[in-house]
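S.K.: Provided herewith is a single structure, encoded as structure tokens, for subsequent inquiry.
Read-outs throughout are calculated quantities, based only on the coordinates presented, and are distinct from any laboratory measurement. Every value quoted in this text rests on a predicted model; they were computed, and no experiment measured them. Neighbour counts run over all protein chains shown; Cβ positions are idealised from the backbone, glycine included.
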């Protein structure tokens, strides 16, 4: 398990100031917060969604080892396991892609929704726009499944 991931979930959203965070700010604000990369449990994928009219502040941290932690900012994360299909998909991306940073949002809009995803894979390729969207969609689906009681 990643006991230090709770720190990432709290740090990722505690510094929210209304402006969308930079893609790496959500995961590397603190020296104890994890960064997208390799751990003892494999490659980490970190997804963050903030802003919007609903005031989202959601974080997902998934490992190729199979663990997933998800939660809203400043709340205790839910910890579950990836399904076999989810884990296989994450492992495939981790093997294929190198450093991936996806940031979507418009800081010029007052109620802008900002979404970011980071992963330090083991490969050298970069995802196409379509593959980036697949990664974002995957993370949101895993987040929603994890947060459903």
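S.K.: Among 148, 83, rank each residue by its count of other Cβ atoms within 10 Å, from fewest to most, as a rough exposure measure.
M.R.: Listed from fewest to most nearby Cβ atoms, that is 148, 83.
S.K.: To make sure I understand, if each residue's beta carbon is the centre and we count other beta carbons within 10 Å, what order do 147, 135 fall in, fewest to most?
M.R.: Final ranking by Cβ density, sparse to dense: 147, 135.
S.K.: Given labels modelled 7 Å from the Cα in the Cβ direction, how far is it in nm from residue 53 to residue 96?
M.R.: 3.5
S.K.: Taking the number of other C-beta atoms within 10 Å as the exposure measure, put 114, 56 in order starting with the fewest.
M.R.: So the ranking, lowest neighbour count to highest, is 56, 114.
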